[in-house]
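Presented below is the structure to which this report refers.
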């Protein structure tokens, strides 16, 4: 498994309520993405940076998501280019499922 962190510095800070509204409007887009296990939307405490933390089955699954079309979607929605950072995730603790995955 791998994790990715996507971030983008917003041109104007969002309040938590504004961010929730925007994130809920895009969340359905991620329901059927092949290889995506989980996505968590994030907003910095000052509201100036937003993004997502993703857990993927494989790097190739993640790379299939972060296309030019995805980057254009983010830029159109938020007005800025996203950054994507990849991390190996050799062990995942899932307290909801009561599992440790490796």
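Summary table
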read-out	value
Taking the C-alpha atoms of segment 42-102, convex hull volume expressed per residue in Å³	116 Å³
MRE, 222 nm, helices only [DSSP H, n ≥ 4, -39500 (n - 2.57), over the chain, to nearest 500]	-8000 deg cm²/dmol
Neighbour-count ranking [beta-carbon atoms within 10 angstrom, fewest first] of 2, 37	37, 2
Residue order, fewest to most beta carbons within 10 Å, for 85, 49	85, 49
Fewest-first sequence of 63, 81 by Cβ atoms within 10 Å of each Cβ	81, 63
Option label - Cα extents along the principal axes in Å computed here, alternatives (1) 46, 26, 22; (2) 63, 27, 23; (3) 39, 29, 22	(3)
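Read-outs: derived from the displayed coordinates by stated rules, not from any lab. Everything numeric in this text was worked out from a predicted model, so none of it was measured. Cβ coordinates were reconstructed from backbone atoms using ideal geometry, including for glycine residues, and neighbour counts include every protein chain displayed.
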